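Novice: Supplied in structure tokens, the structure appears directly below.
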């Protein structure tokens, strides 16, 4: 094995100057810490500490907290069960079952939509992946609970829990109903009215 | 006669009468296409497969371009790429782009080509032509005329393969729609092929509709167990969930590009809710349901019964592999010298029946294989149902191999009923339904999707099975594995007797 | 006027003759003599004469007729068919019906001679159903010819059999395309067939079939009677013979005129057609039916009416439908009508045509309402570019070419229209 010799700088003989530097920095740090400590000790309102949970904390609108599902104008769930959120989810925590919607003008909808919140990493990829603005991560961050609680959020909980106050309607203009789907003669192709432009 | 031509400056040898598209497919040269399908006639309507031929003023479509000596073809030049890009744009301007709710997403020609040649901003700003959606046009078919790109593959399939002519293109221009004739539906045994050949999501399968996104499935290349034809299939499943979703045909000499709807149902019996998940043995009160028992115990009990029994018979259905039959017969016939082997087939079957396309009346994938293996062991038999011979045979031990697909036996219930009246039956089966009956013991077998092996189809052609997943439960075993276990048990017993 | 451009009445020989549609009148004028002459000739000789005459297809493409006939495989034992394309769907064209009106027997005779040339024993005349009267006249002529022994078994004791039938189309433009016509004749949806194989090899019911335009077939008797040389002398070297020109629009005397090919356009326009209608000003001219690119007055000055000169000017002779556009006509409206027509008539088989014509129509509908953008013009150019030469038949080209020409030549007007609408 080849030995590489490197040139080292000569050792500083004056150890005092080296140590003195550290001591000075520690002093500065302590001054800041003690300054804040003393200021907040006598002036409580300057403190950043909250008396949570009595006092609510505001994380801002962009906080990625508990998920919710948005609604259409008519109150129906927006999700079309395309599975893109489930595909994008790195934690594999979204479980969807798709079905034919009873309303003929909507083709596909999730008969089941569940998020296993214990697996969720709150990355927000589901929100990114959704083509119809159906899933969002809201500002709720309080998700503590006891062992017996439900950790799998159901479709109803995700779209209608009390915090959402009747549900959040998305204004995105896509994914509107197809005007031609409401026809009665859907099973017959030979005498169809065609869409005109 | 062979002809030398060059594609993208590379030399190829082509056959006289071949088209550039066929040659390109043979050598995996990428030429995008929608309307061309190897199993159908040439329509030349999608105008997507444009290639450049040296010395010709216009781009030509590869699908209808016969090779000529010295022809120089380019599939990647700038005009060709530009033409492909525009061809895709033309296809997409009236396409609804409802990929999120379309089952074809993930295996759609438009999506694939968009990723390869497209990725542009759409230039059309006007409203799209609206057409009827979600039409129920026949067995297992949902038609969305808006997604349709009018490649006419389905119309040609109806005209050329099934010769049922059930579809037509009505109206013209961009108002044209695919549809059935008035008051007519497409009702034959091959409708789901329309879903397969549709390059977009215009035809989707009712059975597979919304069940699973295709990118969550894997495919195993195996063989359809539905009848004696033995079509090559791609079996779609999810390995993590051990669930099966659908069956699609895969090209082979036997079935070309197609398969029947009946065969497509051959995944249903594979899923866990239909399966026998462990071994069972009779309760003390014979009228009570059988009890879940450890396989080792059951095999032990069977070995003991084999020792005691005077008259032993085998009842075998032609729905297992050649390898399994060999293992089975090597032990029972070769080693134990039992010669009472009976075939168990459907009573009302008409093995001569053939619909002229693929489906056969003999709904056992390995009728030929069973007879051949029996012959190997010196038991020469003709094809036929010998259930009644066995039932009348006064045997004190019957080992019966139930059909894998119970539904293929017209009166399986009567047979299973009769079987439970025999003195001592060890039933080897894979369907949960057998638990409705009372036998001395039941052993859980693997299904075709969980094992390798060989079938011999009606013409004696070898059809190779490939495993998709491991069995849904550890208690499920193949016939070969069970016979091995049984042989080991018998040997241990002999040794014990020998030493005592 | 040089000799070759002297007016000769070949197709319009019976113009002004009373009862010209009757067999007696036609025979009195020398009718069916050519058939007698032709039946005495070996069939290959007829093809040779027509080849030598330089007769070219009058339907629009201008393909040499004799050459087309020679593509019929003579060793095939399949029946051969001759089909007369009397569909005349090109907007601005009304020449074939004029032949039917003047002398339907000329067409019947021409068909019998042509059928003899390549050995067809069955012929059809395909006419759009809207030509009620023409169809009746043709049917009468066929009946008369049968009665006189010019059609049917053993024509004029020559041993040659030729049966001729009439078929009514449903009026689709695409059925004027020869393979579209054959599909329609077979009872299918009128959609062009993929080529190759060409109809001469595999056409009607998969048999060798020749499809010729009415005007082409009607010229055959004259060629047989007067010889190839006489026909060749008329017109230019590459465009021999006479052609019917239908002039329409704001001219003094719109109508059908028979002129030698190579005739100067301005002379035809000013002298025969009498120039622009009073108070009107020439803005452009579509020289060969709606599918031909428009020519500006400057381009028209030295234009001659033949295949080569118009092609060199970027347009085409087409069916000889000369549409005069006057200055008051907004080009936006004209272009909208043109693209609307092709959008309506596209059979929908090939994607670029199906989607392209609809797209162009969409753009123009918005444009006319003033909802267009200036970028629509290059977009329309690009769409048209990608529609050309990309499809089974030429309908896509027919839609793309006039679009490109109008967008390019009348760009300023189109842009001003948009600004005027906006302002």
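Novice: So, in Å, what gap is there between the alpha-carbon centers of the stretch A:56-134 and the stretch C:365-423?
Specialist: Each part's Cα centre sits 44 Å from the other's.
Novice: How are the Cα pair distances of the stretch B:275-499 distributed, in percent, across 5 Å bins from 0?
Specialist: Per 5 Å bin, starting at 0, the Cα pair percentages come out as 1, 7, 14, 20, 21, 18, 11, 5, 2, 1, 0, 0, 0.
Novice: Can you give me the distance in nm between label points at residue B:452 and residue A:2, each placed 7 Å from the Cα along the Cα-to-Cβ direction?
Specialist: About 5.0 nm separates the two model spin labels.
Novice: I've got another one for you. Of the residues C:29, C:110, C:262, which exhibits the maximal mean-square fluctuation in a Gaussian network model of chain C defined by a 10 Å Cα contact cut-off?
Specialist: It is C:29.
Novice: I would also like to ask the following. Nearest 5 is fine: what % of DSSP beta bridges in chain B come out antiparallel, could you say?
Specialist: Here the share of antiparallel DSSP bridges comes out near 70 percent.
Novice: May I pose another question? Between residue B:494 and residue B:294, what FRET efficiency follows from the Cβ-Cβ distance if R0 is 25 Å, with the result rounded to 0.05?
Specialist: With a Förster radius of 25 Å, E is 0.65.
Novice: Okay, moving on. Just to confirm the number: angle between the C-alpha axis of helix B:479-499 and the first principal axis of chain B, 0 to 90 degrees, nearest 10?
Specialist: Taking Cα atoms only, the helix is inclined about 20 degrees.
Novice: To the nearest 0.05, how large is the calculated FRET efficiency for residue A:129 and residue C:412 if R₀ is 45 Å and r is the Cβ-Cβ distance? Present the calculation step by step, with values, prior to reporting the outcome.
Specialist: On the way: r = 49 Å, r/R0 = 1.08.
For residue A:129 and residue C:412, the calculated efficiency is 0.40.
Novice: May I ask you to compute the full-extension gain from residue B:253 to residue B:238, defined as 0.36 nm times their residue separation minus their alpha-carbon distance, rounded to one decimal in nm? Before the final figure, lay out each step's value.
Specialist: On the way: separation 15, 0.36 × 15 = 5.40 nm, distance 2.78 nm.
Answer, rounded to one decimal: 2.6 nm.
Novice: Which value in nm describes the separation of the simple spin-label points at residue A:24 and residue C:271, placed 7 Å from the Cα toward the beta carbon?
Specialist: Going by the 7 Å Cα→Cβ label model, 11.1 nm.
Novice: Taking 22 Å as R0, compute the FRET efficiency from the Cβ-Cβ separation of residue C:382 and residue B:42 and round it to 0.05.
Specialist: With R0 = 22 Å, the Cβ-Cβ based efficiency is 0.15.
Novice: Any idea what the relative contact order of the stretch B:123-270 is, in percent, if you count C-alpha pairs under 8 Å spaced at least 6 apart?
Specialist: The value is 18 percent.
Novice: Separate question: Taking the simple approach of a point 7 Å from Cα along Cα-to-Cβ for both residue C:302 and residue A:97, what is their distance in nm?
Specialist: Computed distance between label sites residue C:302 and residue A:97 equals 8.2 nm.
Novice: For helix C:132-147, what angle does its Cα long axis make with the longest principal axis of chain C, in degrees from 0 to 90 and rounded to 10?
Specialist: Helix C:132-147 and the main axis of chain C meet at about 10 degrees.
Novice: With a/c under 1.5 counting as rounded, go ahead and sort the protein assembly as shown into rounded, prolate or oblate using the C-alpha gyration tensor (a ≥ b ≥ c being the square roots of the eigenvalues; past the cut-off, prolate if a/b is larger than b/c, else oblate).
Specialist: oblate
Novice: Please state the shape class of the stretch C:9-233: rounded when a/c is under 1.5, otherwise prolate if a/b exceeds b/c and oblate if not, all from the C-alpha gyration tensor.
Specialist: Cα axes put the stretch C:9-233 in the rounded bin.
Novice: For residue C:75 and residue C:328 in the same chain, what is the full-extension length gain: residue separation times 0.36 nm, less their Cα-Cα distance, in nm?
Specialist: That pair, residue C:75 and residue C:328, stretches by 85.2 nm at full extension.
Novice: Something else about it: Using Cα pairs closer than 8 Å and at least 6 residues apart in sequence, work out the relative contact order for the stretch C:160-208, in percent.
Specialist: 25
Novice: Between helix C:395-409 and chain C, what is the angle of the helix's C-alpha long axis to the longest principal axis, kept within 0 to 90° and rounded to the nearest 10?
Specialist: Tilt of helix C:395-409: around 40 degrees.
Novice: Work out the mean other chain Cβ neighbour count within 10 Å for the residues of B:128-138 and drop it here as an integer.
Specialist: Mean shielding count: 6.
Novice: Quick one: of the DSSP bridges fully inside the protein assembly as shown, what percent are antiparallel, nearest 5? List each step's numbers first, then the result.
Specialist: Values: 75 of 120 bridges.
Antiparallel: roughly 60 percent of the beta bridges in the protein assembly as shown.
Novice: Only bridges with both residues in the stretch A:67-169 count here: give the DSSP antiparallel percent, nearest 5. List each step's numbers first, then the result.
Specialist: Values: 13 of 15 bridges.
Expressed as a percentage, antiparallel bridges in the stretch A:67-169 total about 85.
Novice: Sticking with this structure for a sec: Which order results if A:95, C:365 are arranged by neighbouring Cβ count within 10 Å, fewest first? Before the final figure, lay out each step's value.
Specialist: Numbers: A:95 14, C:365 17.
Fewest to most other Cβ atoms nearby, the residues stand as A:95, C:365.
Novice: Cα centroids of the stretch B:268-325 and the stretch B:155-175: how far apart, whole angstrom?
Specialist: 51
Novice: Can you bin chain C into rounded, prolate or oblate? Criterion: square roots of the alpha carbon gyration tensor eigenvalues sorted a ≥ b ≥ c, rounded for a/c under 1.5, prolate for a/b above b/c, oblate for the rest.
Specialist: Verdict is prolate for chain C.
Novice: Continuing with the same structure: Given a cut-off of under 8 Å on Cα pairs at least six residues apart, what relative contact order in percent is computed for chain C?
Specialist: It rounds to 17 percent for chain C.
Novice: Note down the Stokes-Einstein diffusion coefficient of the stretch B:123-270 in µm²/s, whole number, using a Kirkwood radius over alpha carbon pairs, 20 °C, and 1.002 mPa s.
Specialist: Translational diffusion coefficient: 131 µm²/s.
Novice: Which residues does a label at residue A:50 reach in the stretch A:143-168, if reach means a backbone N under 16 Å from a point 7 Å past the Cα toward the Cβ?
Specialist: Of the residues in the stretch A:143-168, A:143-144 have backbone N under 16 Å from the label point off residue A:50.
Novice: Another one. How many percent of all Cα-Cα pairs in the stretch B:297-410 sit more than 25 Å apart? Please report the intermediate quantities before stating the final value.
Specialist: On the way: 1534 of 6441 pairs.
Beyond 25 Å sits 24 percent of the P(r) for the stretch B:297-410.
Every read-out reported here was derived from the displayed coordinates using simple, explicitly stated rules and does not represent laboratory data. Small disclaimer: the values here were computed from a predicted structure and weren't measured. Reconstructed Cβ throughout: ideal geometry from the backbone, glycine too, with neighbour counts over all protein chains shown.
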